[in-house]
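These notes are about the structure you will find just below.
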Amino acid sequence: MTDTAANQLRRILRVIPEIGDGHEHGIAEIATRTGVTKELLISDLRVLADRYGMPGGFVENMQIFIGSDTVEVTSDHFLRPMGLTIHELCALELGLAIVRAESPPDETTAIDQTRDRLRQVIARLPLDHDESPARHAEIAPTDGLPFLAELRKALRDHRKARITYRRSGADEPTTRTVRLYAIVPASGMWYAVAYCESSEGLRVFRMDRVEDASVLADKYEIPSDFSVAETLQRGRAFKAEVPTAGMRVRYSSRIARWIAEREGLSLDEDGSLTIEHPLADSDWGVRHVLQYGADAEVLEPVEMREEIVRRLRGMSA
Amino acid sequence: MPPCEPKLQRKRPWDVRDVDANDAIVDFRNASGAAKAAARLGLVIEGAPDRRKFKFRRVDSFARWLFSFGGEAIPVAPESLVSEFNRLLDDTRTLYGASA
């Protein structure tokens, strides 16, 4: 059979969830389990692993270590097979039933066929289909967040909470009363979106910076015009406790095309790329820029540039 | 529904390569939240509360990671890591002009 890119992609999507846990796996065992030869398995993994002229800062997403008999993959991507759980299939079937009830007669045939296929798939799946850890995407870890449950309780009951919170870079935490509007994961961390009575405004609190929390008796209502999507921009909790300016960064041509691809932007004529990032946290700005060394330069604001220079002066190994 | 299974172990970019691992000693100076979290990834060194020991296989990747903490995580050993860190520092200081 002629191999195609589509076939290779299917194999990759199947194998990565099996081995993408950062542990060693036997190549022969994985090849047997996925129904391919060892050579083909290694060839598929090399397609993902081989990069040339890789710049700094772009190696976090997938790491592949191919040994003589074993392979290790650390990945934030493809951890979930491109298949649905039984619960999701049932939800789809239910959704289609609702759609069918509201559809004109000439459209029901296709819906009925799809529902039939779904039912057949659901009936064929083993009872333990959903129990593989690989079938569950990791939204954000909850370990190390001792007050998450308490604040979820406050949100559920619409009761105010008193939290002790340490802002990024702050030496001392502050205590404040908040009305929780949402608790959401973003970029691998949980955030509480809440109205802060001390600062009289909507704020986003990183849950790992909450040092104490207790539910109060006072109740509150969530405003009808509140929107989580508006609060979290592009999957990142960017809104600042204190509104700040953006940060304009120029990435050198050595790394710019990777950034451009990630951000969906076009390169400048000289091959570099300049982006204005929302800046809620100056410490984040420092870390973001310095991870690229001399391949990223803060252009604005002046205060951030000065902060980078100040840090550079104090750094010496 | 069964609970989500967190990953038990996660390798960092600097710890994945087909070569032997090296030991690194890192000083954490006035560490803030992110650097404190980074310090927790290393092993405690008895008698040196601000130092941690790390394993790394990729000196460039490890040096860049330390560099991103802006002076709150400074490599002490081995020499290859210190040199790489200082090279990054020199290049970046040059980028920002003599004032850095």
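The values are calculated or read from the model by the stated rules, or taken from the named source; none is laboratory data. Keep in mind that this is a model prediction, so the values were computed, not measured. Positions of Cβ are generated from backbone atoms using ideal geometry, with glycine treated the same way; all protein chains shown enter the neighbour counts.
Quick notes on this one:
- The residue of region A:279-300 that is farthest from the other protein chains (Cβ to nearest Cβ), among those that are surrounded by fewer than 23 Cβ atoms within 10 Å (Cβ to Cβ) and more than 18 Å from residue B:34 (Cα to Cα), is A:300.
- Region A:301-315, residues that are in contact with a helix residue (DSSP H, G or I) (Cβ under 8 Å, 6 or more places away or on another chain) and facing chain B (nearest Cβ under 7 Å): A:308, A:311, A:312, A:315
- Pair list, Cβ < 8 Å and 6+ apart or interchain, from region A:139-152 residues that are within 10 Å of another protein chain (Cβ to nearest Cβ) and farther than 10 Å from residue A:207 by Cβ to residues that are assigned to a loop (DSSP other than H, G, I, E, B) and modelled with pLDDT under 70: A:139/B:4; A:141/A:188; A:141/B:6; A:143/B:6
- Among the residues of region A:259-270, those that are surrounded by 13 or more Cβ atoms within 10 Å (Cβ to Cβ) and in a loop (DSSP other than H, G, I, E, B) comprise A:265, A:267, A:268.
- Restricting region B:61-77 to residues that are touching a residue at least 40 places away in the same chain (Cβ under 8 Å), under 13 Å from residue A:315 (Cβ atoms) and small (Gly, Ala, Ser) leaves a set whose member that is farthest from the other protein chains (Cβ to nearest Cβ) is B:73.
- Number of residues in region A:289-314 that are assigned to a strand (DSSP E or B) and closer than 15 Å to residue B:65 by Cβ equals 1.
- Scanning region A:175-191 for residues that are modelled with pLDDT of 90 or more and either among the aliphatic types (A, V, I, L, M) or surrounded by fewer than 17 Cβ atoms within 10 Å (Cβ to Cβ) (or both) turns up A:175, A:177, A:178, A:180.
- Filtering region A:102-110 for residues that are touching a residue at least 12 places away in the same chain (Cβ under 8 Å), touching a helix residue (DSSP H, G or I) at 6+ places or on another chain (Cβ under 9 Å) and not in a helix (DSSP H, G or I) leaves an empty set.
- Qualifying residue in region B:33-40 (condition: touching a helix residue (DSSP H, G or I) at 6+ places or on another chain (Cβ under 8 Å), at the interface with chain A (Cβ under 9 Å from one of its Cβ atoms) and buried (at least 16 other Cβ atoms within 10 Å of the Cβ)): yes
- The condition (being at negative phi, within 9 Å of chain A (Cβ to nearest Cβ) and at pLDDT 80 or above) is satisfied by just one residue among B:95, B:43: B:95.
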